[in-house]
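See below for the structure under consideration.
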There are 2 protein chains.
Amino acid sequence: MGEELGLFEAIYNCRAMRRLKSDPVPEDVLIKLIDAANQAPTGSNAQGARWIVVRDQAQKEKLAALNKTAVAAYAAPASGRAAALAHQAADKRARMLAAVLWQAEHLHEVPALVIACYQFDRPVGGGMAQAAGGGSIWPAVQNLLLAARALGLGAAPTTLGLANRQAAREVLGLPDNVEAFCLIPVGYPLGKFGPVTRLPVAQTVRWDRWQ
Amino acid sequence: MGEELGLFEAIYNCRAMRRLKSDPVPEDVLIKLIDAANQAPTGSNAQGARWIVVRDQAQKEKLAALNKTAVAAYAAPASGRAAALAHQAADKRARMLAAVLWQAEHLHEVPALVIACYQFDRPVGGGMAQAAGGGSIWPAVQNLLLAARALGLGAAPTTLGLANRQAAREVLGLPDNVEAFCLIPVGYPLGKFGPVTRLPVAQTVRWDRWQ
């Protein structure tokens, strides 16, 4: 790796990389990503973050099929998805959608699909689990994305592949007390890393109260 | 700052810092934290992460009062809170609780209370909002914690101060389409930064499917 990537450099250059090579990622590198992820905080330090790393071809194909169905609905004109946003012009948004569609066609070829899960101490229903566990798994996902960036790997979380919750649970063999939050395809990028583009900070901050 | 802190160094040394000095944090430093936070991904790139930075004394006292009530319930013997966990012995867990109690006594003295919010494009009910928005705000919270660590600031998110949702919404003046996710006290730490202690990674990973 040479010198370690700086924190702010990683944060400001962590684009969603969706077009990935099929070249395998060494197992110790995948473990390094997940260990970095696990350093994030969890509510009451419960440390229930759990990870399923899917490399098996048949399993990848099942998840890719679920993802393809959800992406087709997301991409459909009637989906309610905005074609442009105040902060993202239509051409850029179209490029993002093209990358999502590329990924849907190639998901089964990505070397590792990492499923971010949270294990509760008792069974919790889906919506409740998403609300209760979010603060204890998504910070870890961000650590994983930053670590991937630092190690030259592309990664971008998606919830579409898990949108059919029951089907995804069956594919992954999840027990009742485990909830899956997102699917993170991980591989070496076909494209180049680059800076992210975000709203000017002043548009996102208020002082003391909203209104 | 001198040399930039490395990404992995930040990730592995980002303890929850709860005992904070009352010394003010410069506004440009607070803005730097939030700008770093905003670089995290959001679902469909909606970029709805919003931040209320509370420095006003009266506002801080209102939030501190809400937090104190919630912490008292959390700390009560009958709360269901585990006194020890497989991965956290009783003495360490007692030290964590002591820090939570210290923070509850001093929250109004912390220089800045950052409230992480998400603005939806339409009103969404609380539980639904927590489920739908979690993946778009908690990654940003993690960026903020890492940036704070790199800038020598202590920070640790808590949801207790917002547990009385309606009261917190009123204090913060939130419109119907904005949900608050956590409160992050930010200040210069009284104690020392140090490595975090987490589960061995092997206990958190499975290959291809859960079971």
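Worth pointing out:
- Subset of region A:101-117 (residues that are open to solvent by 20 Å² or more (accessible area, probe 1.4 Å) and either more than 30 Å from A:P26 (Cα to Cα) or out of contact with any helix residue (DSSP H, G or I) (no Cβ under 6 Å at 6 or more places or on another chain) (or both)): A:L101, A:W102, A:E105, A:H106, A:E109
- Annotation note: Cβ proximity below 7 Å between a residue of region B:70-90 that is of a type in the set (V, I, T) and a residue that is surrounded by 13 or more Cβ atoms within 10 Å (Cβ to Cβ) (sequence gap 6+ or interchain) occurs for B:V71/B:V100; B:V71/B:L101; B:V71/B:A104; B:V71/B:L160.
- Residues of region A:148-164 satisfying the condition of being facing chain B (nearest Cβ under 7 Å) and within 16 Å of B:A10 (Cβ to Cβ): A:A150
- Scan region A:197-211 for residues that are open to solvent by less than 80 Å² (accessible area, probe 1.4 Å) and of a type in the set (K, R) and the total you get is 1.
So that you can scan it fast, the table gives a plain yes or no per residue for (1) open to solvent by 30 Å² or more (accessible area, probe 1.4 Å); (2) free of Cβ contacts under 8 Å to residues at least 24 places away in the same chain; (3) not polar (S, T, N, Q):
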| residue | (1), (2), (3) |
| --- | --- |
| B:L160 | yes, no, yes |
| B:G187 | no, no, yes |
| B:K192 | yes, yes, yes |
| B:P195 | yes, no, yes |
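- Count of region A:80-91 residues, restricted to those that are touching a helix residue (DSSP H, G or I) at 6+ places or on another chain (Cβ under 9 Å) and either surrounded by 13 or more Cβ atoms within 10 Å (Cβ to Cβ) or part of a helix (DSSP H, G or I) (or both), is 5.
- B:G191 satisfies every condition listed in (1) under 21 Å from A:Q211 (Cα atoms); (2) modelled with pLDDT under 95; (3) not basic (K, R) except (1).
- Those residues of region A:118-129 which are within 10 Å of another protein chain (Cβ to nearest Cβ) and either among the β-branched types (V, I, T) or open to solvent by 20 Å² or more (accessible area, probe 1.4 Å) (or both), in sequence order: A:Q119, A:D121, A:G126, A:G127, A:M128
Listed here are the residues, each with its yes/no results for (1) over 23 Å from B:L33 (Cβ atoms); (2) within 18 Å of the chain's Cα centre (by Cα); (3) within 7 Å of chain A (Cβ to nearest Cβ); (4) in a loop (DSSP other than H, G, I, E, B).
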{"site": "B:L144", "(1), (2), (3), (4)": "no, yes, no, no"}
{"site": "B:Q166", "(1), (2), (3), (4)": "yes, no, no, no"}
{"site": "B:E170", "(1), (2), (3), (4)": "yes, no, no, no"}
{"site": "B:C182", "(1), (2), (3), (4)": "no, yes, yes, no"}
{"site": "B:Q203", "(1), (2), (3), (4)": "yes, no, no, no"}
{"site": "B:R209", "(1), (2), (3), (4)": "yes, no, yes, yes"}
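- Figure legend. Inter-residue proximity from region A:34-50: first residues β-branched (V, I, T), second residues surrounded by fewer than 23 Cβ atoms within 10 Å (Cβ to Cβ), beta-carbon distance below 7 Å, spacing 6+ or different chains. Indicated pairs: A:I34/B:V201; A:I34/B:T204; A:I34/B:V205; A:T42/A:G48.
- Here B:A84 meets each of (1) within 19 Å of the chain's Cα centre (by Cα); (2) more than 9 Å from chain A (Cβ to nearest Cβ) with one exception, condition (1).
- The condition of being farther than 19 Å from B:R209 by Cα, of a type in the set (D, E, K, R) and away from every other protein chain (no Cβ under 14 Å) holds for only one of A:E105, A:E109, that being A:E105.
- All told, A:G134 falls short of being at the interface with chain B (Cβ under 9 Å from one of its Cβ atoms), surrounded by fewer than 16 Cβ atoms within 10 Å (Cβ to Cβ) and part of a helix (DSSP H, G or I).
The values are calculated or read from the model by the stated rules, or taken from the named source; none is laboratory data. Note that this is a predicted model, so its numbers are computed, not measured. Neighbour counts are summed over all protein chains in view; Cβ atoms, including those assigned to glycine, are modelled from backbone coordinates with ideal geometry. Protein only, heavy atoms only, side chains kept; ligands, DNA and RNA dropped before computing areas. Shrake-Rupley method; radii C 1.70, N 1.55, O 1.52, S 1.80 Å.
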